[in-house]
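Working notes, beginning with the structure itself.
Read the figures in this text as sums done on the coordinates, not as results from a lab. Keep in mind it's a predicted model, so treat the numbers as computed, not measured. For neighbour counting, all protein chains shown are included, and Cβ atoms are generated from backbone atoms with ideal geometry for every residue, glycine included.
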Amino acid sequence: MEASPALSRIGLAGLAVMGQNLALNIAEKGFPISVYNRTTSKVDETVDRAHNEGNLPLFGQYNPRDFVLSIQRPRSVIILVKAGLPVDQTIAALSDHLEPGDAIIDGGNEWYENTERRIAQASERGILYLGMGVSGGEDGARHGPSLMPGGSFQAYSNVEDILKKVAAQVDDGPCVTYIGEGGSGNFVKMVHNGIEYGDMQLISEAYDVLKHVGGLSNSELAAIFSEWNRGELESFLIEISADIFKVKDEHGDGELVDKILDKTGMKGTGKWTVQQAAELSIAAPTIAASLDCRYLSGLKEERESAAEVLKEAGMTDIVGSVRSGIDKKKLIEDVRQALYASKICSYAQGMNLLRAKSLEKGWNLNLGELARIWKGGCIIRAVFLDRIKKAYQRNPNLASLLVDPEFAREMVQRQAAWRRVVGLAISAGISTPGMCASLAYFDTYRRARLPANLVQAQRDLFGAHTYERVDRQGSYHTEWTKLARNADAGVGIFN
Ligand code: NBP
């Protein structure tokens, strides 16, 4: 550790995985930083790492008072503790020593309304507040995350130079931008995570189809995913999947991926995304399908007994019959295209959710800029985010990514392959809920006329909810049952 300077430029409280790594990143970029954690052994651990990783300007503090007073004014304090009550408790511990003009920056995966409550509470004492989404996990925090700060613009301005240096760097700048007021930073991070759920689900379905219908081995899958990662699907999640397929099981034969229990964990941001989509009447079926799949994956024992019951009821292995006669090379190319088209639909849903919330809250979110800051550092980083950025730059009022001329052309070009994959998966009994949801979303959105006319008629029949007509203005109600009975009495369809 360097000798303590007069005062640190910034402070960070909460030294678990994220806090420790972000603090080291900040120190490495040349900003003297004070660090603090409730359990002080983590302070020593972080100070040791700072020493070992290049004598970085990081200074351990062992109580809230010394910590706060070791930071230059106006102070900026990042908090990276478990979201919820621990954030309130950390704020309470620090705020006795903070002064008007100082700023708190919560970097956790916080529910955006908690941030809005804390903004109001902090402002009563003249304290500025930012809720900052941080994505990229441990490695991102250490070497360049994607940062989504929202709340007080003054608080952002006070640390803009630091955030721009520590964020991931891509061809068009650092992966950070001021998101907007209130809890917008947390909300954007939440939707980022929802999109991440969708991406992971879609990739797992591509894997499932290639493995069970295409019969690909793990080494073939590794090669295919590596190849995909050199094209339009190039992304962090495709890259890590290629790596995962290569790892051998140190406790037995074969690859580790086959030994992993098929139960997905989750921490809640995907659920919040789907809840918010429902609240705002935004269709997000791909993200919802990914959440449902996580729920169903959790029912491991129930699924095992269901498999038994249905086998006894006559369910046979239908994959085998579909697998014979498969053109493997064609299947791989079809799955690649299906994955890409499904992914575009999922991003369209996430972006539309962000726009709806922005309108509701007056956040004025810049969707193109959000796509840009996701190009690096974060889990959903992908080459095609640059194209999403450009689509919103071309038309900031774009109703949906699906109607951007470039994406529209791509969807149409890929739809034949997409339908083949989904059709094949359905015949083989391999569930592809994400791909199906995306395709149904596309087909519903692109059809000028839907069967909603019948639903409206039903609603009017049983609830007198009225309906509109395609050929004249106004709202109408019909005595459907009476008229139908009269019609029955008149003409019979089989006459
Ligand atoms: P955790 O979410 O595991 O939280 C552990 C930290 O919270 C420790 O520093 C712990 O202090 C502190 N803490 C707790 Br728990 N209760 C506290 C309390 N009542 N008062 C003060 N401190 C308390 O840490 P993390 O995984 O580094 O994540 C931090 C935030 O970043 C979370 O909101 C998380 O959702 C978000 N995030 C995590 C990742 C990731 O990859 N892990 C990625 C992106 C965002 P102690 O040491 O004294 O127990």
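Structure summary
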read-out	value
Angstrom value of the Kirkwood radius, inverse mean 1/r, which spans all Cα pairs in the range 303-457	18.1 Å
Residue-wise HN-Hα coupling along the range 10-26, computed from phi with Karplus coefficients 6.51, -1.76, 1.60 (Hz; x: Gly, Pro)	8, x, 9, 10, x, 10, 7, 3, 6, x, 4, 6, 5, 4, 5, 4, 4
The range 199-342 - Rg (one decimal) and Dmax (whole number), Cα, Å	17.1, 49
Largest-first principal axis extents, alpha carbons of the chain, Å	97, 64, 45
Calculated SAXS-style log₁₀ I(q)/I(0) at q = 0.19, 0.24, 0.28 Å⁻¹ - the range 163-218, Debye, Cα scatterers	-0.80, -0.96, -1.05
Whole-number percent relative contact order across the chain, with pairs defined as alpha carbons under 8 Å at least 6 apart	12 percent
Contact order relative to length of the range 228-352, as percent, for alpha carbon pairs under 8 angstrom and 6 or more apart	25 percent
Dipole of the chain [Lys/Arg +1, Asp/Glu -1 at C-beta], most positive-end residue of Leu210, Gln456, Ile79	Gln456
Electrostatic dipole magnitude of the range 62-186 [Cβ: Lys, Arg +1; Asp, Glu -1; Cα centre; debye, to 20]	260 debye
The chain - charge dipole about Cα centre, Lys and Arg +1 at Cβ, Asp and Glu -1, debye rounded to 20	1240 debye
Gln154-Ile326 FRET efficiency (beta carbon distance; Förster radius 51 Å; 0.05 resolution)	0.25
GluC sites (Glu not before Pro) within the range 1-98: DSSP coil, no more than 14 neighbouring Cβ in 10 Å	Glu2, Glu53
Debye, to nearest 20: dipole size of the range 370-443, +1 on Lys, Arg Cβ, -1 on Asp, Glu Cβ	260 debye
Phi to ³J(HN,Hα) by Karplus 6.51 cos²θ - 1.76 cosθ + 1.60 over the range 214-224, Hz, x for Gly, Pro	x, x, 6, 7, 4, 5, 5, 4, 4, 5, 5
Trypsin sites (Lys or Arg not before Pro) lying in DSSP loop within the range 405-455, provided at most 10 other Cβ fall within 10 Å	Arg447, Arg449
Positive minus negative residues near Leu454 (Lys, Arg vs Asp, Glu; Cβ under 15 Å)	+2
Under-24-angstrom lysine pairs by C-alpha in the range 199-332, whenever the two are 8 or more apart or on separate chains	25
